[in-house]
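The values are calculated or read from the model by the stated rules, or taken from the named source; none is laboratory data. A quick note: this is a predicted structure, and the numbers were derived from the prediction, not measured. Using ideal geometry, Cβ is built from the backbone for each residue, glycine included, and neighbour counts are taken over all protein chains shown. When the accessible area is computed, the model is the full protein with side chains, heavy atoms only, and any ligands, DNA or RNA have been set aside. Shrake-Rupley method; radii C 1.70, N 1.55, O 1.52, S 1.80 Å.
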Amino acid sequence: MAGRLLQAFLSAALLAALPVQRGKAASPPPALYTQSQARQGASTFEGKCASCHGHHLEGGVGPALEGPVFASAKSGFTIQQIYEFLSVEMPAYAPGSLSRTQYLDITAFLLQQNGYPAGSRALTDRIASASTVPLLFQAALKAPAKVAKSRAHAGRPLDMPKTNAP
Amino acid sequence: MTRFQPFLPRRSLWRLALWALLLAPLAGAFAAGYPAVTNARLAHAATDNGWLMFLRDYTGDSYAPFRQINSRNVADLKLAWDYDIGMKRGFEASPIVNGRYLFVTTPKDHLLAFDAVTGKVLWTYQENLTGVGLKTVCCDVVNRGVALYGNNVYMATLDNYVVALDAKTGKVVWRRQIKPADVGYAMTLAPLTVQGMVIVGTSGGEYGARDFVVALDAKTGREIWRQYTVPSPGQPGSDTWPKGGIYQHGGGSAWLTGTFDPASDTLFWGGGNPGPWLATLRPGKNLFTDSLQAFDPRTGKRKWYYQYTPHDSWDYDGVNTPMITSLTYHGRRYQAIVHADRNGWLYVIDRDTHKLIYAVPFAHTMSVAGFRDGLPYTDDAARPTIKKQIFTCPSFLGGKNWWPASVDPATHMVYVPTIHTCMTMKGAPTFYKPGLAYLGETFKVVHDPNDSNWGALQAFDLDTGKRVWDHESARPWDDGAMSTAGGLVFSGTEGGHLLAFDAHTGAVLWRSPKLSSGIIAPPVTYRVDGTQYVAILAGYGGATPIWGGEMVKAVADVPRGGHLYVFSLKR
């Protein structure tokens, strides 16, 4: 009985919390990095990450790092979690092998590709490793063409087989 | 049914003509229908003309009693048919053959059914992975093939479905999801069908999963039992874990197909590495990770176990196939389990006493330093901490990875695909978050200082534990072995050649033309209408190019793309 009450209380609390979350998503996401960090990050990403995560972050042997499936409410990643994870465990063939600056630049690039705006303050290790900002794909802030593309990537079809006669 | 009667009344002739018209599109493809896969056929899969399950039969020995292709004529092996599948990811599936139906799976869980003689595509199925992030899939988006039962074919998917399809049409019979996708669990293994059940296990040792083996009703998909490889508090083995909730992320993935011994009614299944990787975070032996587990197939109850690597800090898993065989060692006859572990030791375990008969290293072994009273002990110097970087062998890739070894009852040898790797490893901060890896270590795969090659295919005499032959390779050996009564061992190379070895001497008797890509899928063999075929998928990818560290260079030039090849002797 007590359990049931608790459950009822929790779901009520959850419901109460929901509109707040929606409100949050609607408010513009924070500017956490500079344009030049993202630009540098794009080139480091191309060299160190794209072979597995795709040249457009669409995924390959590693998961997509852009779009509504990666940066979803369901996953509930924070910027701190993604930053700490990738700077310790990536790239997979040599985890932790890049410099602090390179990891920060890449994080900036991931934020940019998921619709977060650039600002005038640089992303620092201190900020990134304490950031509880949720990583949620900002569809509205991405160029429409890009969004359509990322959706197409989600369920790539089989490149249809060619028959070889026996 | 009248159409098979030799004498036909007039009316039936019309009917026959109608049938002929209806069947015309299939003409040439099939003389016979789809032979149902019964318990009896599975029990005798070793002698079946097809290749009915992942490692041919319940023993997991990948040995076929066929001798049409043999050491005298294998040099004449020619391409019978081939099929370009495309998809530039890893192909790790064993083709599964029943009658004239041949099934292969591809990366991202597509399934193709072929006429095993002509190569004609009969149907295809594609698992819809839209909306699946593949966030907790470590080692390429692979699938290792199907299982068969009745008139169904079964596939386990990256989003944790078991899918049952009609083998003749590819139509979905049932689908059942055993865990949500992207929160630590995935499936890449070929299911095993045992006594009307489809048995699968989960991957997830890198993501804070608590893994399990699950048995579903083959007809309906209803869950019959689910057995976790990491015990909850109070269950046997729970005293080998720290108190608290850590067991909930304890790993023990069950990601490779097990074996089954009908005589003792026992299902054997490996338990994978514990999570997180860094052992200092979970003091204790951490049962039943890195362990052979013997289950009652009806209930999933654990009968006994043997732990290959206690308190693992090196991701050695323990899922490599527990092969069922018998052997004579120092004059005594044993019913044994033979298992070549990632940690570099070949274990031979007594199925009656559940004790070690013997263990010999097949690779450079530093972490597991030796055995006392039949149990392995580890070297503390090889254990990383947050402060200490270590160097040890083998690397987390092994020794030997999942690629199946083969036991040949005629030569009494086991053929072991080997990789010569070592690694540096150091503790690192980690946190558990569903959808992210949970490792607590950084690492780099490096060359074995004792060996100038990255790989080998080796043969050990099971009655003595001695190495008989060793075929060394500059590239890692990442393919399964298959042996036949023709005195041959087949295995493919990352360079893209399928090789046939003399089973006794290791001499290379046949080398296929260079295939379109590197080979990481095991070879199989089957017979239709008196002709023996050897089938293999080429299609490079898998774990090595992702996690291989220095080894990545050795495989960087391997072309990509999946392609099915079937060989036979042209007569």
Report task. Just the ratio, please: alpha-carbon radius of gyration of the stretch A:29-139 over 2.2 N^0.38 Å, N its number of residues. Result -> 0.95
Report task. Can you work out the PRE-style zone for B:ALA40? Point 7 Å along Cα to Cβ, and I want the residues of the stretch B:188-205 with backbone N under 20 Å. Result -> B:193-197
Report task. Any chance you could check the Cα centroid distance between the stretch B:510-571 and the stretch B:347-373 for me, in angstrom? Result -> 31
Query raised in the report: Any idea what diffusion coefficient the protein assembly as shown gets from Stokes-Einstein, in µm²/s, Kirkwood Rh on alpha carbon pairs, 37 °C, 0.692 mPa s?
Result: 123
Query - Dipole-positive endmost among B:VAL416, B:ASN450, B:PRO384 within the stretch B:377-479 (Cβ charges, Cα centre) - result: B:PRO384
Query raised in the report: Can you pull out the cysteines in the protein assembly as shown that have no other Cys Cβ under 4.7 Å?
Result: A:CYS49, A:CYS52
Report task. Of the DSSP beta bridges with both residues in the protein assembly as shown, give the percent that are antiparallel, rounding to the nearest 5. Result -> 95
Query raised in the report: Going 7 Å from the Cα of B:VAL360 in the Cα-to-Cβ direction, what parts of the stretch B:303-337 have a backbone nitrogen less than 13 Å from that spot?
Result: B:328-330
Requested in this report: Compute the separation of the alpha-carbon centres of the stretch B:193-239 and the stretch B:408-476 and state it in Å as a whole number.
Outcome: 27
**Report entry** Local electrostatic count at B:TRP469 - Lys and Arg +1, Asp and Glu -1, tallied over other residues with Cβ under 14 Å
**Finding:** -3
Query raised in the report: How big is the stretch B:454-505 by Rg and Dmax over its Cα atoms, in Å?
Result: 11.2, 33
Query - Accessible surface ranking that places the most exposed of B:THR136, B:THR38 first, with a 1.4 angstrom probe - result: B:THR38, B:THR136
Report summary line: Heads up, the stretch A:29-85 by the C-alpha gyration tensor (a ≥ b ≥ c square roots of eigenvalues; a/c under 1.5 rounded, else a/b over b/c prolate, else oblate) looks oblate
Report summary line: Stretched fully, the stretch from B:LYS466 through B:ARG175 gains (0.36 nm per residue minus C-alpha distance, one decimal, in nm) 100.1 nm
**Report entry** Cα-based Rg and Dmax for the stretch B:33-569, where Dmax is the largest Cα-Cα distance (Å)
**Finding:** 21.1, 64
Query raised in the report: If one takes the longest principal axis of the Cα atoms in chain B, at what angle in degrees, from 0 to 90 and to the nearest 10, does the Cα axis of helix B:10-23 lie?
Result: 40
**Report entry** Solvent-accessible surface (1.4 angstrom probe) belonging to B:TYR247, in square angstrom, nearest 10
**Finding:** 40
**Report entry** the protein assembly as shown, helix-only ellipticity at 222 nm - DSSP H runs n ≥ 4, -39,500 (n - 2.57), divided by all residues, nearest 500
**Finding:** -4500 deg cm²/dmol
Query - Coarse-grained scattering of the stretch B:460-557 at q = 0.14 Å⁻¹, given as base-10 log I(q)/I(0) from a Debye sum over alpha-carbon atoms - result: -0.59
**Report entry** Gyration tensor verdict on the stretch B:412-466 (Cα atoms; rounded if a/c is under 1.5, prolate if a/b is larger than b/c, oblate otherwise)
**Finding:** prolate
Query raised in the report: Cα centroid distance between the stretch B:277-343 and the stretch B:151-189, in Å?
Result: 27
Requested in this report: Past 25 Å, Cα to Cα, is the threshold; run B:LYS179/B:LYS219; A:LYS142/B:LYS135; B:LYS303/B:LYS466; B:LYS108/B:LYS171; B:LYS108/B:LYS179; B:LYS120/B:LYS171 against it and keep the listed order.
Outcome: B:LYS303/B:LYS466
Query - Rotationally averaged projected area of the stretch B:211-290 (alpha carbon convex hull; nm²) - result: 6.2
